[in-house]
Amino acid sequence: MSLQGRRILVTRPAEQAAKLAQIITAQGGQAVIFPLLEIGAADDPAPLQRAIEQLDDYALAIFISPNAVAFALPQILAARRWPAHLLAAAIGPSTAQQLAAQGIANVISPADRFDSEALLELPAFAAKALAGKRVLILRGNGGRELLAETLRQRGAQVCAVSCYHRSPPADGAPLVSLLNNRQLDALTISSSEGLRNLLALLDTDAFTQLCRLPLFVPHQRIAQVAAELGLSRVVLSAPADAGIIESLCSYNWFAHE
């Protein structure tokens, strides 16, 4: 089934929205891009600069997202070569692909689920592999502490560096207008933080309109947050853009109209 005539809200950060939007368009739909997270440079560049200076001391560097690669790796490679002994890890395939495209080979990454829990299940993250070693986590501000805390419990010396800044959109009026004028057929949400930012932008009428739309999410944790926030039409897809598109295209639109 195609997406002919369907208007789908794409809420990924602007830098990652284009691919999903293009696939929606190729399937006959209309992608409406409204990022729920705005991405910029870190407020304080000093922690990343210190990490770059000490990079030889680390055994493992974990890139949390494509934004971590985009904001950290060019600064690293401008200052020095990537240490031959330093293993790189990525939570998701897009992040791993970006690392590989910039010459970082043999990136450790989960094969199926793309979250901190899946990364921690890999042999390279076992206590016997990391005990006593230094680990660098490159991430945005805020977010979950599960990865850093678990690695510390396993004996690693962890330094978590915020190399980019995430913030909610400054103006929700365009989104409120889309909802209140019933100009959307579905939304895609790629993070719990983005979902919370979404609800913070809405008035009562817009929230009511949101509740009538299917919400496509690629992770069980986001689905749980959506349910806790009062949203019931949640569709759990397989991970990444491919999983979201598969769910969008297989959704029975007519049964819910």
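Derivation of every value follows stated rules applied to the coordinates shown; laboratory data play no part. Because the structure is predicted, anything quoted here is derived from the model rather than measured. All Cβ positions, even for glycine, are placed from backbone atoms using ideal geometry, and neighbour counts span all protein chains on display.
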Next item on the list: Output the qualifying pairs, or none if there are none: Cβ atoms under 6 angstrom, residues six or more apart or on different chains, first residue in the stretch 104-124 and closer than 15 Å to Leu60 by Cβ, second residue polar (S, T, N, Q).
Entry: Leu120/Thr150
Item checked: All positions within the stretch 207-248 that are more than 30 Å from Gln97 (Cα to Cα) and β-branched (Val, Ile, Thr) -> Thr208
Item checked: Tabulated pairs, the stretch 165-182, first farther than 25 Å from Phe71 by Cα, second part of a loop (DSSP other than H, G, I, E, B) and of a type in the set (Phe, Trp, Tyr), C-beta under 6 angstrom, 6+ apart or interchain -> Leu175/Phe34
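Scan the stretch 134-149 for residues that are in a loop (DSSP other than H, G, I, E, B) and touching a residue at least 40 places away in the same chain (Cβ under 8 Å) and jot them down.
Going residue by residue through the stretch 134-149, those that are in a loop (DSSP other than H, G, I, E, B) are 141-145.
If the condition is that a residue be in a loop (DSSP other than H, G, I, E, B) and touching a residue at least 40 places away in the same chain (Cβ under 8 Å), then Asn141, Gly142, Gly143 are the ones that fit.
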Next item on the list: Go through (1) assigned to a strand (DSSP E or B); (2) surrounded by fewer than 17 Cβ atoms within 10 Å (Cβ to Cβ) one by one and return the number of the condition His85 breaks.
Entry: (1)
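Here's the yes/no breakdown for (1) over 19 Å from Asp115 (Cα atoms); (2) assigned to a loop (DSSP other than H, G, I, E, B); (3) not small (Gly, Ala, Ser):
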| site | (1), (2), (3) |
| --- | --- |
| Leu213 | yes, yes, yes |
| Leu231 | yes, yes, yes |
| Ala238 | no, yes, no |
| Ser247 | yes, no, no |
Checklist line | Enumeration of residues in the stretch 88-133 that are more than 17 Å from Leu146 (Cα to Cα) and in a strand (DSSP E or B) | finding: Ala88, Ile108
Next item on the list: Report yes if some residue within the stretch 207-221 is of a type in the set (Ser, Thr, Tyr) and more than 27 Å from Cys249 (Cα to Cα); otherwise report no.
Entry: no
